[in-house]
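Colleague: I have a structure I would like to understand better, so I am pasting it below and will then ask my questions one at a time.
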Amino acid sequence: MFGKSKVVVLASALLLLAVILSCSEDSNYDQRTVVYVGGINGDKPFLCDVLSQGDSLYEEDNATFKTSDDFITEDWVEVVFYNKPYSTVIEPGTGSLGDFLVTGYDVSFIPLTGTVTPVHAFSGSTAILVPGGESVAGNILLVPFAAKNIDPLNSMKYSPLEIMARAHFTFHGHYVQTNTLVEFAADLSVNFADPLLTTKDQNQNP
């Protein structure tokens, strides 16, 4: 039979082995915590206005479109990242172990109506720290400024055309103080259109 000291040594060895295994895998769910997207845009579809009509829709004759105050903007969307404790070996919140840093993302669009892709796929960089056991909100670029100056979005200005699409995000990052790279994904419904709304109208509708 094992003596008491041998049992303690064996238990310590098994614990150390479990810690090493939990830190050596590349799978998100094999880490100290599991990182995922808990919500995008408040869990609501996103309306991408391809053209903002300024303060007035029409000239003084109330018939001619006023274009001199029109402008375009790039669109950013709020993403909530969750870093949920998963491993039973190391308890998050006792230091930087388990903290996760989101360092980049890829965005691609899949059209749901027609075959035209509204925005070309692109990648971006960020630095959003999500401590273990917490959630953090960050803003991610959804539609670049340049995308609204080329077709098909450019052709949709002053028209009733619409494109329904699904934005697919792939986020990249790593656990702090490790080289373990992790990817996780999320989707968002996006409606591309040119609604006749002025900036005054938009400010009145939260």
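Derivation of every value follows stated rules applied to the coordinates shown; laboratory data play no part. Note that the structure is a prediction, hence the values are computed from the model and not measured. Cβ: placed from backbone, ideal geometry, glycine included. Neighbour counts: every protein chain shown.
Colleague: How long is the gain from Asp61 to Tyr36 if the chain were fully straight, where each residue apart is worth 0.36 nm and the alpha carbon distance is subtracted?
Modeller: Separation in residues times 0.36 nm, less the Cα-Cα distance, equals 3.7 nm.
Colleague: Something else: Starting from the Cα-Cα distance between Glu162 and Phe145, subtract it from 0.36 nm times their residue separation and give me the gain in nm to one decimal.
Modeller: 4.3 nm
Colleague: Between Ser189 and Asp106, take the C-beta separation as r, use R0 = 22 Å, and let me know the FRET efficiency to the nearest 0.05.
Modeller: Computed FRET efficiency for Ser189 and Asp106: 0.75.
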